[in-house]
Amino acid sequence: MEVQKTEIEGLLVLQPKIFGDDRGHFFESYNIDLFNRIGIPDQFFQDNESLSSKDVLRGLHFQKPPFEQGKLVRVAAGSVLDVAVDIRKKSPTYGKHYSIKLSGSNKTMLWIPPGFAHGFLALEDGTIFLYKCTNVYNKESEECILWDDPSLNIDWGVKSPLVSVKDNIGELFKDINSPF
């Protein structure tokens, strides 16, 4: 597996080696030894899967301590524009975001440690998004930053995505009280 650091400390792009032939393909999506060497925790407590239509936008979500979550994300089918926003107050990249295209065909994964808000835009109908979380979901700990906050300047590539009521009333970045 190829591991690439990003310009934001802690975010890692993981590109598994894909073994394919006329029967299909095989790849390793998790390896405890490798992940321990590169700083990804060896315990995940919850796996999530979502199915989205084209132009569905989910995010930007994070959970406050003690239920903060690291996420290992990937796409099984379809594709997304995946976005992580650094909300660690002491980070030199506080308020900056990183975006990457993840797809069922490229098999690319992104490690998002605690201290980031996360969201994605489905680029195709039938997109299946998978994420492993280092902590369980806790409704009282969940926060949401407004997906189209002008100060974050995220180019989602669409003018009017399909967004939940909850995500449409997220807080502005300047108004969050980040616990990180």
All positions within the range 108-138 that are assigned to a loop (DSSP other than H, G, I, E, B), surrounded by 18 or more Cβ atoms within 10 Å (Cβ to Cβ), touching a strand residue (DSSP E or B) at 6+ places or on another chain (Cβ under 6 Å) and not aliphatic (A, V, I, L, M): T108
Residues of the range 49-78 classified as surrounded by fewer than 21 Cβ atoms within 10 Å (Cβ to Cβ), part of a strand (DSSP E or B) and either in contact with a His (Cβ under 9 Å, 6 or more places away or on another chain) or hydroxyl-bearing (S, T, Y) (or both), total: 2
Residue list for the range 1-31, filter: more than 26 Å from V85 (Cβ to Cβ) and either surrounded by 11 or more Cβ atoms within 10 Å (Cβ to Cβ) or touching a residue at least 12 places away in the same chain (Cβ under 8 Å) (or both): K17, I18, F26, F27, E28, N31
Answer residue from the range 35-48, given it is in contact with a helix residue (DSSP H, G or I) (Cβ under 9 Å, 6 or more places away or on another chain) and surrounded by 14 or more Cβ atoms within 10 Å (Cβ to Cβ) and is nearest to E140 (Cα to Cα) among those: P41
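No lab work stands behind these numbers, since they all come straight from the coordinates. What you see is a predicted model, and the numbers here were worked out from it, not measured in a lab. For neighbour counting, all protein chains shown are included, and Cβ atoms are generated from backbone atoms with ideal geometry for every residue, glycine included.
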